[in-house]
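Presented below is the structure to which this report refers.
The values are calculated or read from the model by the stated rules, or taken from the named source; none is laboratory data. All of these numbers come straight from a predicted model, not from anything done at the bench. Here the Cβ is made from the backbone with ideal geometry for all residues, glycine too, and neighbour counts use every protein chain on show. The protein model used for the area step is the full one, side chains on, heavy atoms only, and it has no ligands, DNA or RNA in it. Shrake-Rupley method; radii C 1.70, N 1.55, O 1.52, S 1.80 Å.
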Amino acid sequence: MLVDDQPLLRHSLALIIDNEVDLAVVGQAGDGAEAEVCARETRPDVILMDVRMPRVDGLEATRRICADPALTGARVLVLSMFELDEYVHEALRAGASGFLLKDAHPEQLLEAIRRTHRGESLFAPSILTRLVDHFRSVPGPHRERPSLRGLTVREVDVLALVGGGLSNDEIAAALVISVKTVKTHLTHLLAKLRARDRAQLVIAAYDAELVTPRIAGSFVQPGHWRGDR
């Protein structure tokens, strides 16, 4: 489902997506209020959500959709015009699964949709570290430093790589394990850290200082973590 207040952009995105044999646009909305209604009617797997829109913005729409029990299967991918929109970091708290810049190439957009559908949070490389750095610089009222004491060393390795923005395939290659094993570790991490989705695991990795916000791709190397946190 496409959510953007610019009809021309929605039309362009629809042409790109509908041209793929495994993808189809099931609905479109011009603001957050329309998005909520459209999502209930069409039950999309992935929602491409603009941030700044009239009436109800993308942040509030994401919060409402992600909190709706009837839409638990829908994942929100935020499309931002800016590398650090003042609302985008809040969308992560609202339940967004990832962020992509509107100037991304069509191939990147299509891959982002597929990865989001697979449950892999997608963050544009240029905004990943800046986004989480901004998020961590403005602590929320309920934000706590996550405890890693209940995690195995391998689970911490996986968490650090998730925080670095790596996909399941990339994590498997880095740790020389199977993708199936990566998914098992992710399931355990979600349960142990009480995280809703992979996006929250990314924040947990930054909060636990397994990833350095200002250095892209800088994370604790596998096996170098000590279980004393």
- Query: How about K192: which lysines have a C-alpha closer than 24 Å to its C-alpha, ignoring those fewer than 8 places off in the same chain?
  - Reply: K180, K183
- Query: What percentage of the solvent-accessible surface of the range 5-56, computed with a 1.4 Å probe over protein heavy atoms, is contributed by carbon and sulfur atoms?
  - Reply: 51 percent
- Got a number for the accessible area of E209? Probe 1.4 Å, square angstrom, nearest 10. 100 Å²
- HN-Hα couplings for the range 69-75 via Karplus (6.51, -1.76, 1.60; θ = phi - 60°), in whole Hz with x for Gly/Pro, come out as x, 6, 10, 4, x, 8, 10
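Report, in debye and to the nearest 20, how large the dipole of the range 9-81 comes out about its Cα centre when Lys and Arg carry +1 and Asp and Glu carry -1 on their Cβ. Mind dumping the intermediate values first?
Working: 8 positive and 12 negative charges, 40 e Å.
Here the range 9-81 has a charge dipole of around 200 debye.
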- Message: Run the simple label-point estimate for I177 and L23 please: 7 Å along Cα→C-beta, distance reported in nm.
- Response: 3.0 nm
- Within the under-10-Å Cβ sphere about L13, not counting L13, Lys/Arg +1 and Asp/Glu -1 give a net charge of 0
- Give the ranking of S178, S97 by solvent-accessible surface, highest area first, calculated with a 1.4 Å probe. S178, S97
- Task: Determine the sum of side-chain charges near V46: Lys and Arg each +1, Asp and Glu each -1, restricted to other residues whose C-beta is under 11 angstrom from that of V46.
- Result: +3
- The local net charge around G32, scoring Lys/Arg +1 and Asp/Glu -1 for residues other than G32 whose Cβ lies under 12 Å from its Cβ, equals -4
